[in-house]
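Down below is the structure, laid out as structure tokens.
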Amino acid sequence: MRNEIDTFAQFLRTRGLRHSKPRQDIVEVFLTAGGHPSAQDLYQQVKHKNPRVGFATVYRTLKLLEECGLARTMDYGDGTLHYEPDRFQHHHVICTSCNRTVEFLSPELDSLIRQVQQDSHFTPKTPAVRILSVCADCHQAAPRQSWHGRDFDTIVSRDALQVAIANEQRGMHFYSQGLEVAADEATRAVFGRLLGEEEGHLETLQQEYESLRQAHTWLDEAPPMLHFDRERLAGIFPNNPQHIAQIVQSASPAAVLSMALSAEWRSYEFFRDYADKVSYSRGGAIFRQFADEERQHITLIRHAFDVLQDRTP
């Protein structure tokens, strides 16, 4: 682990960033955590070591670890990115019920992947293969307990907060990546302000989510009630860093703002639709609140877009 920490410290120096105590704590917890934590999981673990560390710092540190080659991401198919130390090439079998993960090596599979890419005229790479299955324990598990009579409004509120948190994380990722490569000052000002608002919203959501869990100790065992369109949620904000950089660097400032405006409209329509669909008062209120906030973002971007158009001869 010492070599990995030194590698990360050197990477931060090349980027002109400080190897702060919070970053040090996050890296140490990540490298020793085991498993495949999400940013939310790691945040919960880091809080035991350093209660003052915020989620935004955990998220940014994970992205820096990914950039310097010490971490890589995995998608379990639930719309949430999971992270693991990138120490060697391996593949995963993932239980879709409990997320139990088995890692394995296969030179034959690696060779086959490279061969298929070459035959199809793709640049050969060996990505991690993700096999979704159901483990024996979950396959043979007894029926889950009935949740009849529980506070379903609380369960829906938890689910709504999880949806909102996932969207805020994606929005924060989009504006953070765009801000890094944007050259136009007007675009940078808008992206910087929106990034700050996304971070603030996320901190508030995290606190509300934790308060709900602490007030209802049974909540972690409750199955989800709110089943939503994960593909629609994933498509609200562009998520691939290379794709974001390519768009922001190659498009005009007006086109970049238009792209951000479209993303915020998709986010607004998503939350508005679910506010109308969710009958439970607290869950619906969460979605209405975020629909209103996305409308404010739309107004901000539109104003910047109009100013930019007025500047154009």
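The values are calculated or read from the model by the stated rules, or taken from the named source; none is laboratory data. What you are looking at is a predicted structure, and each value in this text was computed from that prediction instead of being measured. Here the Cβ positions follow ideal geometry from the backbone for every residue, glycine too, while neighbour counts run over all protein chains shown.
Among the criteria (1) at pLDDT below 85; (2) under 16 Å from S267 (Cβ atoms); (3) of a type outside the set (K, R), the one V190 does not fulfil is (1). In this structure, is E210 touching a Gly at 6+ places or on another chain (Cβ under 7 Å) and surrounded by 13 or more Cβ atoms within 10 Å (Cβ to Cβ)? When the stated conditions are applied, E210 does not pass them. Going by the conditions given, is A263 in contact with a Pro (Cβ under 8 Å, 6 or more places away or on another chain) and either closer than 16 Å to Q296 by Cβ or assigned to a loop (DSSP other than H, G, I, E, B) (or both)? When the stated conditions are applied, A263 passes them.
Out of curiosity, is H227 more than 23 Å from the chain's Cα centre (by Cα) and surrounded by fewer than 13 Cβ atoms within 10 Å (Cβ to Cβ)?
Numbers: more than 23 Å from the chain's Cα centre (by Cα): no; surrounded by fewer than 13 Cβ atoms within 10 Å (Cβ to Cβ): yes.
Answer is no for this residue.
Just checking, does region 290-312 include any residue being under 17 Å from S157 (Cα atoms) and surrounded by 14 or more Cβ atoms within 10 Å (Cβ to Cβ)? Yes; the residues of region 290-312 include at least one that is under 17 Å from S157 (Cα atoms) and surrounded by 14 or more Cβ atoms within 10 Å (Cβ to Cβ).
Could you count how many residues in region 217-228 are assigned to a loop (DSSP other than H, G, I, E, B) and free of Cβ contacts under 8 Å to residues at least 40 places away in the same chain? Quick ask: steps written out before the conclusion?
So the first thing to find is which residues in region 217-228 are assigned to a loop (DSSP other than H, G, I, E, B), and the list is 217-218, 222-228.
Imposing the further condition that a residue be free of Cβ contacts under 8 Å to residues at least 40 places away in the same chain reduces the set to 217, 227.
Matching residues across region 217-228 total 2.
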